[in-house]
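Participant: Here it is: the structure, laid out below.
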Amino acid sequence: MEKYMFIYLKTGGGHYAPAKAIAETISNIKSTEIEIILHDGLSDTRPYLRKIIQDGYKNSVNRALWSFEMLYAIGKIKSVTKISTGIAAHFIKPAISKVILKEKPDKIIIFHYLMIRPVNEILRENNLNTPSVVVVTDPFTAPSGWFLMEDQKYIVFSDMLKSKCMKAGIDSKNIQVFPFVLDNKFSILLNNTSKLRVRKELGFREDSKIILIMGGGDGMPGGEKIFRTLTSACIDAEIAVVCGRDGFLYKQLSELKEKNKLDNTRIFGFIDFTYSLIQISDVVITKAGASVCMEILLAEKVPIINNYIWEQEKGNMEFVCKSGMGIYKKNPRQLPDLVNNLLRNKEYYNLLVSNIRKNMIRNGVEQVSQYIMNYN
């Protein structure tokens, strides 16, 4: 039996989600021939390292976005990126080395740029010919740290990013372009009967409009302001909020719901049924994370992007909005009028849905899985 190791980091859900989706697809195709090891690259490292990289990302994005954007801007300087990834590799490598030498995988698939250098150094230092491929999880704009290894094989999710790879000195023969990767279930649209069942299970009315507020696994930045603004406005709809791992936001909104007797709202923490929530929603207010945007578009729902991480998620926002599939609205105070217009103006709403269908959004999980199984 072959053994594949998928290495990711829990810096947001955007790295783990595609790793998990591809792993499940390969397992379904060749469960008796291929064993998948999903490995968090920081799981066996020092606690302080996880706190700096993992918790630092989450806290900066949700609480001090300017700090993350500043570090991102500095990281665009190639020499700075080489130094920072080199330092990270020094501390990460011992733990990664142990698991690679123990498991002896036949292939290694990397889902975070901080893992590229330590994996390559481990393979070289131990004279291992294990083939590796990097899945660049940012589809349009990606940190330069992804592209420091010119002889590395890459999977990217847009021609735009392929061009960036080539400008960084990577040969086009080492770059494969596929549609963005999501869990297979996001490729399926629920029928009306299934939607009614989901509504009943989750406590929504059968005939109501539903506004979903949802970011990524770490929550929705600015979620409290958005919630307050919408619940204080006159909107004939039910409101659902997914707080993810942001326990502080969940507590805030739960207290507001109880205090103001907001019976038309549902507050969720970290859940495994975002697919179902998106399917029954009409409008989704979100951030410009790649996975969540693609999940919404595949469901043919209208995304309203309230914020994005400068540069890194800018390409995602532009892809959605310049194609006429969604709307970018930063000011929460402008959301009630926009949402009301979308829910009442069928012609406008249907135009956005039509644009989503015209763009033919596809899930690349099957294609990427086949490529990984076949490449050497």
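Participant: Hey, got the dipole for segment 184-358? About the Cα centre, +1 on K and R Cβ, -1 on D and E Cβ, debye to the nearest 20?
Facilitator: Dipole size: approximately 200 debye.
Participant: For the chain, calculate the relative contact order in percent as a whole number, restricting contacts to Cα pairs under 8 Å that are 6 or more residues apart.
Facilitator: Across the chain, relative contact order equals 17 percent.
Participant: Could you tell me the center-to-center distance, by alpha carbons, between segment 300-318 and segment 121-170 in angstrom?
Facilitator: Spelled out, the Cα-based centre of one part sits 24 Å from the other.
Participant: Relative contact order (percent) for segment 190-307, with alpha-carbon contacts under 8 angstrom and 6 or more residues of separation? Could you put the intermediate results ahead of the total?
Facilitator: Working: 188 pairs, mean separation 33.3, N = 118.
Result for segment 190-307 is 28 percent.
Participant: Then there's this: Starting from the amide H of Lys153, placed 1.01 Å from N in the peptide plane, find each other amide H under 5 Å away whose residue is 5 or more places distant or on another chain.
Facilitator: HN-HN under 5 Å from Lys153: Val134.
Participant: Can you find, among Pro303, Val292, Gly364, the residue farthest towards the positive end of the dipole of segment 233-376? Put +1 on the C-beta of Lys and Arg, -1 on that of Asp and Glu.
Facilitator: Working it through, the farthest residue towards the positive pole turns out to be Pro303.
Participant: Across segment 249-350, what fraction of all alpha-carbon pairs, as a whole percent, falls in each successive 10 Å bin from zero upward?
Facilitator: It works out to 13, 41, 37, 9, 0, in whole percents.
Participant: For the chain, with the dipole built from +1 on Lys and Arg beta-carbon atoms and -1 on Asp and Glu ones, taken about the Cα centre, which of Ser276, Asn331, Leu196 lies farthest toward the positive end?
Facilitator: Looking along the dipole axis, the top candidate is Asn331.
Participant: Mind putting a number on the dipole of the chain about its Cα centre? Charges go on the C-beta only, +1 for Lys and Arg and -1 for Asp and Glu, and I need it in Debye to the nearest 20. Walk me through the numbers on the way to the answer.
Facilitator: Values: 51 positive and 39 negative charges, 120 e Å.
Roughly 580 debye, rounded to the nearest 20.
Participant: If packing is taken as the average count of other Cβ atoms within 10 Å, what order do 310-322, 263-275, 132-144, 279-291 fall into, highest mean first?
Facilitator: Going by the mean number of other Cβ atoms within 10 Å, highest first, we get 279-291, 132-144, 310-322, 263-275.
Participant: To the nearest 20 debye, what is the magnitude of the charge dipole of segment 94-165 about its Cα centre, counting +1 on the Cβ of each Lys and Arg and -1 on the Cβ of each Asp and Glu?
Facilitator: Approximately 140 debye in magnitude.
Participant: For the chain, what's the radius of gyration and Dmax over Cα atoms, in angstrom?
Facilitator: When restricted to the Cα atoms of the chain, Rg and Dmax are 21.2, 66 Å.
Participant: Oh, and also: Pick out, from His15, Gly223, Asn355, the residue whose Cα sits farthest towards the positive end of the charge dipole of the chain, with +1 on the Cβ of Lys and Arg and -1 on the Cβ of Asp and Glu.
Facilitator: Gly223
Participant: To one decimal place, what Kirkwood hydrodynamic radius in Å is obtained for segment 184-358 from all pairs of distinct Cα atoms?
Facilitator: One over the average 1/r among Cα pairs gives 16.1 Å for segment 184-358.
Participant: Over the Cα atoms of segment 120-172, how large are the radius of gyration and the largest Cα-Cα distance (Dmax), in Å?
Facilitator: Rg, Dmax (Cα atoms, Å): 11.9, 35.
Quick note: the coordinates plus some simple rules give every number you see, no bench work behind them. A quick note: this is a predicted structure, and the numbers were derived from the prediction, not measured. Glycine gets a Cβ as well: all are built from the backbone with ideal geometry, and neighbour counts include every protein chain shown.
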